[in-house]
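The values are calculated or read from the model by the stated rules, or taken from the named source; none is laboratory data. Computed from a predicted model, the values in this text were never measured in an experiment. Cβ: placed from backbone, ideal geometry, glycine included. Neighbour counts: every protein chain shown. Remember, those area values only see protein heavy atoms, side chains included, never the ligands or the DNA or RNA. Shrake-Rupley method; radii C 1.70, N 1.55, O 1.52, S 1.80 Å.
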Amino acid sequence: TQRASLDQAIRAAEQVSRCEFSVFVGSAEGDARQYAERLHAALSTPARSVLVMVDPVARLIEIVTGSEVRRTLSDHEVALAVLAMRTEFADGDLVRGLRRGVTMLAMNARAPRTLHA
């Protein structure tokens, strides 16, 4: 049920933002940032993708955004999502933290509405 709950949050995030989201939970091999960047680069469309990597043992969170995503999602917004995830993780709820972080990232990655054609 936890996996289904996370999958549902990812699908909703993709619909809201029109970006692709991937979540990796596990041990990072070597430097966590470099490992997350390698995982992100291996995605089918890295320019339009957001990767959330969490290493619970090392207590690390890495978020990698593609070049197209960075047009609408700022580093400050990513940092706020990380803070929200850390808060949930501290309470012992990994899935809730991931759902909250993915949702926040998606809401901030939405392209602004155009009022003219």
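Quick notes
- Proximity of backbone amide H atoms, modeled 1.01 Å from N, is registered between Glu20 and Ser49, Val50 at under 5 Å, excluding neighbours fewer than 5 places apart on the same chain.
- Segment 13-117 shape via C-alpha gyration tensor axes, a/c threshold 1.5: oblate
- The fraction of accessible area contributed by carbon and sulfur in the chain is 50 percent, rounded to a whole number (1.4 Å probe; ligands and nucleic acids excluded).
- Segment 6-28 and segment 75-109: distance between their alpha carbon centers, rounded to Å: 12
- Whole-number accessible area per residue in Å² for the chain, which is evaluated in the context of all protein chains at 1.4 Å: 61
- Computed [θ] at 222 nm, deg cm²/dmol, the chain (DSSP H ≥ 4; -39,500 (n - 2.57); rounded to nearest 500): -16000 deg cm²/dmol
- Antiparallel bridges, percent of DSSP beta bridges restricted to the chain (to nearest 5): 50
- Rough spin-label spacing in nm, given labels placed 7 Å along Cα→Cβ, for Arg18 and Leu83: 2.9
- Here the label points at Ala111 and Arg71, each 7 Å from Cα along the C-beta direction, are separated by 0.7 nm in the simple model.
- About the Cα centre, charge dipole magnitude for segment 41-117 (Lys/Arg +1, Asp/Glu -1 at Cβ), debye: 300
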